[in-house]
Structure formats: structure tokens, C-alpha cells
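Please treat every number below as a calculation from the coordinates, not as lab data. No experiment lies behind these values; they were computed from the predicted model shown. Every residue, glycine as well, gets a Cβ built from its backbone with ideal geometry; the counts of neighbours run over all protein chains shown.
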Amino acid sequence: MHNRRKRNEWLADQQAKHQVKINEARVAFNQGLADEDQILLLNQERTKVEAAELQKNRPGMISRIFSSAPKEEQQGGNLGAAARAAASNVQDTASAAASEVQHTATAAKEKVKDLGIVKAVEDKVEEHKWQKPQTVGAEAVIGGPLDREAAASVLAVQEKSKSWTNWLLRR
């Protein structure tokens, strides 16, 4: 709309049509004959009215700033009391959970010992504990066969290669 007057007339016309639809929906709802669209329209209008009321009752910016000025409170205030209560609940829950976990762990250890698995693992560890690791050159190689092969190839390359600085410095 390029004309203010025509735009205002059009808006007034649209608002009048909308008001007529709302009145028809209210009449139909009171008679129990409202369809889904009319119920939806009534719900939208009700939410608009509630939002407008909340906006009216909401304090302005200046009053919100000055009303949040520090007030005399007990030590810690409401937040401190809530934090203390939460901390005590957490401590109670943590101690109960720790005792339950400890009880479960001891029961599991007893079951495993009955199977003899722990003894077999301990024996295997003791058996390999006294073995010396294999050495390649001056370093001890720890790991599987691929690690040993990689360490051997690294040492071979280090021994062979000479850089151009060795020639320059006549080493």
C-alpha cells in the first residue's frame, strides 16, 4: 500500500472482519457447534489477551533495575540455603553409592577367586615378570613382533645414513 489513508482503511477493514469471525466463533462455542478452526481462533485470542495482561503487570525497566538493589539477607541468602541442602543430599547419595559399590566389588572378587581365574592370571604375570626384554642395539624393545621389526629397521637406517653435514664437517 502506497497510501497511508488506504492502508489504514484496509487495516480497519481486516480488523472488523477478524472481529466478526471471533464473535461467530464465540456464539458457536457457546452453542456447542464450534469447529476446529473456530476453537483454534478462540484459543489464539485468549493467549493474546493473557500476553497483554502479563505485559501490563510487568514492571518497567527502571523499576526492575532499582528493585533489584541489594537487600539485607541472612548469610548466604536463599541461594546459600539451597546450596547447603543440595550439598547434604549429594553427600548422602555419594556415601550410599560408595558403600553399595564397595559391597558389589567384594562380592565380585569372592566369585572370581572361587573360579581360580585370579590365581592363573597372577601366576602368568609372575612368570613373565622375571624375563628380560629383548634388546635391539642399545635400546630395549617392548611390544609385539611388529614393534620389534620397526625398531630394527629404524636402527638400520640410522646406522647407514650420513647427512651432508658430516661431509662438510669432515667427520
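In terms of the Cα gyration tensor, with a ≥ b ≥ c the square roots of its eigenvalues, is the stretch 4-63 rounded because a/c is under 1.5, prolate because a/b exceeds b/c, or oblate?
Oblate, because a/c is 1.5 or more while a/b does not exceed b/c.
How much net charge surrounds Trp10 when only other residues with a Cβ under 14 Å from its Cβ are counted (Lys, Arg +1; Asp, Glu -1)? With Lys, Arg at +1 and Asp, Glu at -1, the neighbours total +3.
May I ask for the net charge around Val20, where only other residues with Cβ less than 12 Å from the Cβ of Val20 are counted and Lys, Arg are +1 while Asp, Glu are -1?
Values: positive: Lys17, Lys21, Arg26; negative: Asp13, Glu24.
Surrounding charge for Val20 is +1.
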